[in-house]
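K.L.:
Have a look at the structure that comes next, please.
The values are calculated or read from the model by the stated rules, or taken from the named source; none is laboratory data. Model, not experiment: these values are computed from the prediction. Neighbour counts are summed over all protein chains in view; Cβ atoms, including those assigned to glycine, are modelled from backbone coordinates with ideal geometry. Accessible surface areas use protein heavy atoms only, side chains included; no ligands, DNA or RNA. Shrake-Rupley method; radii C 1.70, N 1.55, O 1.52, S 1.80 Å.
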Amino acid sequence: MRALEVALGSGRAFSSFGAGLRTYGPVRVVQVGLRCDLETLDERITSRFHSWLDEGLLEEVESLARTPGGLSRTARQAVGYRELLRHVEQGAPLESA
C-alpha cells in the first residue's frame, strides 16, 4: 500500500527512490514475536480501544474530520481512526468500531 501511495503521489516508480529498496544493510533492531491466544488478544484490544475512547479519541477524530481538507489517506488508515471515521462520517454504530 505504501509503495503504491508513494508512486502515485510522486509520479515516480517506487524503486527509483534508492538501492536500499533492493538490498538491506545490517539491522540494529531485534525483532521479537509473542504468542497470545486469540480470546485474550481480543479482550486486550477491546480494553485498549475503550481506554482510547475514555481519553477522548472520538472527539479527536470528530474534530479532525471537520478540519478543512480533512485527514490524509494515510491518517485515515491509522488504527482507531479508520474505525471511528466509519462511525463519524457514515453513521456506523459506535459499538461496531
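K.L.:
Name the longest site-free stretch of the chain, where the excluded sites are trypsin sites (Lys or Arg not before Pro) in a DSSP loop with no more than 16 other beta-carbon atoms within 10 Å.
P.N.:
That would be 36-97.
K.L.:
What's the carbon and sulfur percent of the chain's accessible surface, probe 1.4 angstrom, rounded to a whole number? Don't jump to the answer; show the numbers that get you there.
P.N.:
Working: 4430 of 8080 Å².
So the carbon and sulfur contribution to the accessible surface is 55 percent.
K.L.:
Run lengths n ≥ 4 of DSSP H only: what is the helix-derived mean residue ellipticity at 222 nm for the chain, with -39500 (n - 2.57) per run over all residues, to the nearest 500? Present the calculation step by step, with values, prior to reporting the outcome.
P.N.:
Values: 5 runs with 50 residues, N = 97.
After summing the helix terms and dividing by residue count, I get -15000 deg cm²/dmol.
K.L.:
Taking 7 Å along the Cα-to-C-beta vector as the label spot, tell me the Glu95-Leu34 distance in nanometres, rounded to one decimal.
P.N.:
Here the answer is 3.0 nm between the modelled labels.
K.L.:
Further question on the same structure: If you roll a 1.4 Å probe over the heavy atoms of the protein chains, what accessible area per residue do you get for the range 10-97, in Å²?
P.N.:
On the way: 7310 Å² over 88 residues.
That works out to 83 Å² for each residue.
K.L.:
If a/c stays under 1.5 just call it rounded; otherwise compare a/b with b/c (prolate if a/b is bigger, oblate if not). Do that for the chain, with a ≥ b ≥ c from the square roots of the Cα gyration tensor eigenvalues.
P.N.:
It comes out oblate by the Cα gyration axes.
K.L.:
Enumerate by residue number the chymotrypsin sites (Phe, Trp or Tyr not before Pro) in the range 1-67 meeting two conditions: DSSP loop (anything except H, G, I, E, B), and at most 11 other Cβ atoms within 10 Å of the site's Cβ.
P.N.:
Values: sites: Phe14, Phe17, Tyr24, Phe49, Trp52; in loops: Tyr24.
Those that pass, being in a loop and sparsely packed, are Tyr24.
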